[in-house]
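Quick notes on the structure that follows.
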Amino acid sequence: MADLKMPELNTVIVAGNLTKDPVFRETSNRTPVVNFHIAVNRRYKDSSNQWQEDVCYVGVVAWNKLADSCRDRLKKGSAVLIDGELQSRTFRTDEERNRTIVEIKAKRIQFLNKFNKSDDEDDESYDIDDTIGDSGDEDNYEADSFDKFLSEDESKLMNDEEKKENK
């Protein structure tokens, strides 16, 4: 019998809102890093056919230029779409106990809120490996929408669902 090898796949795509302002710092060799948590909502119908909402809180870490752009553009409540991979890390608490957490190491972040650049700030463009998004239009805003990631069918389904809920 042939040996089977499990494929190595570690990809996460999630959208949510920041629960607190991001925490920015630099490592001892001056590498920028930012940590934040997002709340991801899930809607479902319970056994009595009533809509319920469940919230999942997810930790995110971003490094280098991506950390810099997060520091400049994110705050509590900001909406983001994260593309990354799961990673775990272990640390020791003050009580000398080992603790392991799982978080998302961001590869790309789509900023879903409008971002008003100040007049004296140069127009920045972000490398595709750091962020996804358009930069700068006539109104000096960057408008990003999650809708552009949806297919025509998905967009139609979402619109139909919204119409049903509003009735």
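Details
- Among the residues of the range 76-110, those that are surrounded by 11 or more Cβ atoms within 10 Å (Cβ to Cβ) and of a type in the set (Lys, Arg) comprise LYS76, ARG89, LYS105, LYS107, ARG108.
- Restricting the range 52-75 to residues that are of a type in the set (Gly, Ala, Ser) and out of contact with any helix residue (DSSP H, G or I) (no Cβ under 7 Å at 6 or more places or on another chain), the residue that is surrounded by the fewest Cβ atoms within 10 Å (Cβ to Cβ): GLY59
- Scanning the range 97-119 for residues that are hydroxyl-bearing (Ser, Thr, Tyr) and in contact with a strand residue (DSSP E or B) (Cβ under 6 Å, 6 or more places away or on another chain) yields a total of 1.
- Any hit, the range 88-96, residues being closer than 13 Å to PHE36 by Cβ, assigned to a strand (DSSP E or B) and in contact with a strand residue (DSSP E or B) (Cβ under 6 Å, 6 or more places away or on another chain): no
- Of residues in the range 61-86 being assigned to a strand (DSSP E or B) and either in contact with a Leu (Cβ under 9 Å, 6 or more places away or on another chain) or in contact (Cβ under 8 Å) with a residue 60 or more places away in the chain (or both), the one nearest to ASN17 (Cα to Cα): ALA79
- Qualifying residue in the range 102-123 (condition: modelled with pLDDT under 60, farther than 18 Å from ASP21 by Cα and of a type outside the set (Asp, Glu)): yes
- Residue satisfying all of: in the range 9-29; among the charged types (D, E, K, R) and under 17 Å from TRP63 (Cβ atoms); farthest from the chain's Cα centre (by Cα) among these: GLU26
The values are calculated or read from the model by the stated rules, or taken from the named source; none is laboratory data. Source: prediction; values computed, not measured. Cβ sites come from the backbone with ideal geometry, for glycine too, and all protein chains shown count toward neighbours.
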